[in-house]
Amino acid sequence: MQYQYSQHLYASGGSMRHAPYPIPNIAKSNQKFYRPHHRPARAPTQVDDRPADHWHDPKNLLSINYGSKEQFPYSISFQPLWGPCKYGVALLNLENGQGMKQGEAKISEELPPIFARYPTGTLIIDWPGYRQDTYILTLVDPATRRHVTRAQLGAQVTHYFKEFANTRQPSDYDERSEGFYLGVDGVSYDQVRLSEVYTKDGHTFRVQFGLVPHFLSVQ
């Protein structure tokens, strides 16, 4: 398992398929996120009313990496409107379709024209310490027959990451790994950033997440 601070490398993986995700309106998705279990609760990460991207230091943003841009040359990046950080938008903002630059831009503007033929794609979510999972990603809005926007793509990834986290059981975590536990007393929702969604063929997409260390752990 590889992970680094503030590096633009990538994660990969994939297996089980799920039903296609409807284009968001952009409404809030499932708020539960974690299943409570034997680990004790802790204080929330963010402790004030500032925007969710304002409070973290980009020097401490942890990226989980499995590949490189040489392997996956095409990407759709997510840049925040607030805070000192230059990349990585909080999932808290993405589920509401806010907090990102150029949220209304079509994803087709950042991908080669040859990729425009795919109405759906495969989204692979990989998180250190867990087995990877695969979901159906909507690339073309069936109502408008146009490519989804960056905001809609970010909302889909947020929805699926929540589903990924909510369906992991305590026993799914590999205690021998150098991963990051999802759950009570593990990674909390407000710590997660979406940095990039990337691909090499326009059909299979992988995700680079950012993880903001808990405020008690930051030196």
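Remarks
- Exclusive hit being over 16 Å from the mean Cα position of the chain (by Cα), among the small types (Gly, Ala, Ser) and closer than 20 Å to PHE205 by Cα, set ALA143, ALA105, ALA151, ALA165: ALA105
- Cross-chain or 6+ apart pairs with Cβ under 9 Å, segment 152-177 first and touching a residue at least 24 places away in the same chain (Cβ under 8 Å), then part of a helix (DSSP H, G or I) and among the β-branched types (Val, Ile, Thr): GLN152/ILE107; LEU153/ILE107
- Matching entry among VAL184, VAL197, VAL212 (being more than 18 Å from ILE136 (Cα to Cα) and in contact with a strand residue (DSSP E or B) (Cβ under 8 Å, 6 or more places away or on another chain)): VAL212
- For the residues THR144, THR149, THR204, THR199, the requirement of being more than 19 Å from TYR87 (Cα to Cα) and either among the aromatic types (Phe, Trp, Tyr) or touching a residue at least 12 places away in the same chain (Cβ under 8 Å) (or both) singles out THR204.
- Flag for VAL218 being surrounded by fewer than 18 Cβ atoms within 10 Å (Cβ to Cβ), more than 18 Å from GLY97 (Cβ to Cβ) and either modelled with pLDDT under 90 or of a type in the set (D, E, K, R) (or both): yes
- Scanning segment 78-117 for residues that are in a strand (DSSP E or B) and surrounded by fewer than 21 Cβ atoms within 10 Å (Cβ to Cβ) yields one hit, LYS106.
So that you can scan it fast, the table gives a plain yes or no per residue for (1) at pLDDT 95 or above; (2) closer than 18 Å to GLN208 by Cβ; (3) in contact with a Phe, Trp or Tyr (Cβ under 7 Å, 6 or more places away or on another chain):
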{"residue": "ASN93", "(1), (2), (3)": "no, yes, no"}
{"residue": "ALA105", "(1), (2), (3)": "no, no, no"}
{"residue": "GLU109", "(1), (2), (3)": "no, no, no"}
{"residue": "ILE114", "(1), (2), (3)": "no, no, no"}
{"residue": "TYR118", "(1), (2), (3)": "no, no, no"}
{"residue": "LEU123", "(1), (2), (3)": "yes, yes, yes"}
{"residue": "THR134", "(1), (2), (3)": "yes, yes, no"}
{"residue": "LEU139", "(1), (2), (3)": "yes, no, yes"}
{"residue": "ALA143", "(1), (2), (3)": "no, no, no"}
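- Residues considered: GLU163, GLU175. Of these, the only one that is under 28 Å from CYS85 (Cα atoms) and acidic (Asp, Glu) is GLU163.
- Screening segment 173-199 for residues that are touching a Leu at 6+ places or on another chain (Cβ under 9 Å) and more than 19 Å from LEU61 (Cα to Cα) and picking the one that is surrounded by the most Cβ atoms within 10 Å (Cβ to Cβ) gives THR199.
- Residue list for segment 200-212, filter: modelled with pLDDT under 90 and surrounded by fewer than 17 Cβ atoms within 10 Å (Cβ to Cβ): none
The values are calculated or read from the model by the stated rules, or taken from the named source; none is laboratory data. Values in this document were obtained by computation on a predicted structure and should not be read as measured data. We place every Cβ from the backbone using ideal geometry, glycine too, and count neighbours over all the protein chains shown.
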